[in-house]
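The values are calculated or read from the model by the stated rules, or taken from the named source; none is laboratory data. Not measured: the values here are computed from a predicted model. In this analysis, Cβ positions are derived from the backbone assuming ideal geometry, glycine residues included, and neighbour counts consider all displayed protein chains.
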Amino acid sequence: MNHSAYHLFCDLFQKKDRLVSTRKIEQFPFDAAMLSCKNKGRFPDLAIRVNKDGSDFTGGELIEIKDSKTFTVSSFNSTIPTGQKEIAGLVSGKSNSLRAQMEKAGDEILALPTRQVFYLVRGKKAKATKVALVHGKFFETLSVPDLISQSFLQALEERLGDVKKEIPGDIKDTLIQLLTDQDTFSRVRTVNKASVRLRFRIMTEVREEGNLINSNKYPQIIDNTLNFLIPCHTPEEEEKHRRLMAKAFEQRGAKLLFKELQIFTLKHLLNGPFLVFQAPIK
């Protein structure tokens, strides 16, 4: 059997009762056969095995879990959300536990250098539950370098505004070039004569326009449903995703369950159309 985010969505649907009853979604009984790693407290929380047979499914998707007791996506404390990541930067180092897990699972890690990123989001409110396996592009409406540099420029301009000064254009361009790499701020800094070391940490919070489980902003994501969201801009892309989802359900012996899915297009408030596969979980 192949493995992919589509297969993971089917696995979630097949165990839909557990999506509601499991206290922490990290404890959900994911199909271990499709995973090359499972982590706690570091990105990614899950990684899907890479497929070796050159099928329609590449596999290898990286999954971060976001669990909340409200209809707000919990904050991103470790990495800025993105639609894809280079795997080499995540598995470097002599004693890298992520690489060790993937190698033990038999993955040819660098055979798929660029990995698609998905977020498994669950929110609860009263007796209602919303779950979504959503592609990272839903949150990455601006590139990570642009997000970092423009955020820091805002801070600098606010401080300069207090003293009635502006940043000259050439200096602003230089700052934009310098303030684009998250690693610049995540490294631990050692200062002479200081008894502590300092590390700046970026925390990312979702705006209302990016909160897919906000009932006012995205009423199509209704209560007590499981959803799969992926960018989709053309009829050809839609046909491809429909075909892949149907094939994944068939491979997992859930062909009849596929007929229970509602399929529609959702307009992101900042980032174009997404195709949604939606299933009831109650």
I'd like the full set of residues that are over 27 Å from residue 58 (Cβ atoms), in the same structural domain as residue 275 (by TED's automatic domain parsing) and of a type outside the set (D, E, K, R), limited to segment 116-152. 123, 126, 128, 129
Single residue of segment 55-71 satisfying the filter (acidic (Asp, Glu) and not in a strand (DSSP E or B)) that is farthest from residue 247 (Cα to Cα): 61
Could you list all residues from segment 14-54 that are in a loop (DSSP other than H, G, I, E, B) and among the hydrophobic types (A, V, I, L, M, F, W, C)? 28, 30, 43
Quick one: in segment 81-97, which of the residues that are closer than 14 Å to residue 115 by Cβ and small (Gly, Ala, Ser) is modelled with the lowest pLDDT? 89
With (1) of a type outside the set (D, E, K, R); (2) part of a loop (DSSP other than H, G, I, E, B); (3) within 15 Å of residue 120 (Cα to Cα) as the list, and residue 7 as the residue in question, which single condition is left unmet? (2)
Report whether or not residue 250 is loosely packed, with under 12 Cβ neighbours inside 10 Å, among the charged types (D, E, K, R) and in the same structural domain as residue 58 (by TED's automatic domain parsing). no
Being farther than 24 Å from residue 187 by Cβ and free of Cβ contacts under 8 Å to residues at least 12 places away in the same chain narrows 61, 103, 108 down to just 103
Please work out which residue is modelled with the lowest pLDDT, limiting yourself to segment 211-237 and to residues that are touching a Leu at 6+ places or on another chain (Cβ under 7 Å) and surrounded by fewer than 21 Cβ atoms within 10 Å (Cβ to Cβ). 217
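Please verify whether segment 69-81 includes one or more residues that are of a type in the set (D, E, K, R), surrounded by 15 or more Cβ atoms within 10 Å (Cβ to Cβ) and not assigned by TED's automatic domain parsing to the domain that holds residue 146.
no
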Looking at segment 227-282, which of its residues are among the charged types (D, E, K, R), over 24 Å from residue 1 (Cα atoms) and in a helix (DSSP H, G or I)? 236
